[in-house]
Amino acid sequence: MEAETTHNSVLQKISYTTVLTFIIVTLLYSAIIKLISTEHVINNFSKWNLLEWKNYIAISEILICILLVIKRTNILGVISLTLMLGGAVYTHIQYDEPFYFALSLIVVSWFNYLFIKVRN
C-alpha cells in the first residue's frame, strides 16, 4: 500500500512539473516574440490599440514564469497568469478572434495547481 502511495506521489510530481514546464515555455515564447517585435505581433498589438503595452506584457510574462518556478510564490504566479490571460481572452473576444488557447492555459494552470500540487 505504501509503495503504491509513493508511486502515485512520484507520478503527480512528474505530471505537475511537465504541465508547469509547458506553461512556462509557452509564456517565455510569447514574451520573446513580443520583445523582438515580429511583424505579426506589431500588427496585432496595433489593431488592439495596445502597441505601447507590448513590452510591459512581455516583461509581465517573464515575471509570471519566475513566480511559477519559485515554490513559495507559485500561487501568486497562477493568480497573475489568470489575470493576464483573462485580459487576453477579453481582448480576443472584443475583436472577434479565437480565445480558446488563452482560456485553456488558465484552466490547465488552475487544474495543475489545485489538483496536483495541493494534493502533494
Selection over region 17-56 where residues are of a type in the set (Asp, Glu) and under 17 Å from residue 101 (Cβ atoms) yields a count of 0
Among residues of region 86-110 being hydroxyl-bearing (Ser, Thr, Tyr) and either touching a Gly at 6+ places or on another chain (Cβ under 9 Å) or in contact (Cβ under 8 Å) with a residue 12 or more places away in the chain (or both), the residue surrounded by the fewest Cβ atoms within 10 Å (Cβ to Cβ) is 95
Query raised in the report: Does residue 113 satisfy the criteria of being surrounded by fewer than 18 Cβ atoms within 10 Å (Cβ to Cβ), among the hydroxyl-bearing types (Ser, Thr, Tyr) and either under 18 Å from residue 29 (Cβ atoms) or touching a residue at least 12 places away in the same chain (Cβ under 8 Å) (or both)?
Result: no
* Residue within region 95-103 that is part of a helix (DSSP H, G or I) and more than 12 Å from the chain's Cα centre (by Cα) present -> yes
Listed by range, helices (runs of 4 or more DSSP H) wholly within region 1-85 having at least 3 residues that are among the hydrophobic types (A, V, I, L, M, F, W, C) and surrounded by fewer than 13 Cβ atoms within 10 Å (Cβ to Cβ) are 2-35
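Identify, from the list 30, 60, 80, the residue that is in contact with a Leu (Cβ under 9 Å, 6 or more places away or on another chain) and at pLDDT 95 or above.
Details: 30 fails: in contact with a Leu (Cβ under 9 Å, 6 or more places away or on another chain); 60 fails: in contact with a Leu (Cβ under 9 Å, 6 or more places away or on another chain).
Of the residues listed, the single one that is in contact with a Leu (Cβ under 9 Å, 6 or more places away or on another chain) and at pLDDT 95 or above is 80.
The values are calculated or read from the model by the stated rules, or taken from the named source; none is laboratory data. Predicted model, so just to flag it, every value in this text is computed and none were measured. Cβ: placed from backbone, ideal geometry, glycine included. Neighbour counts: every protein chain shown.
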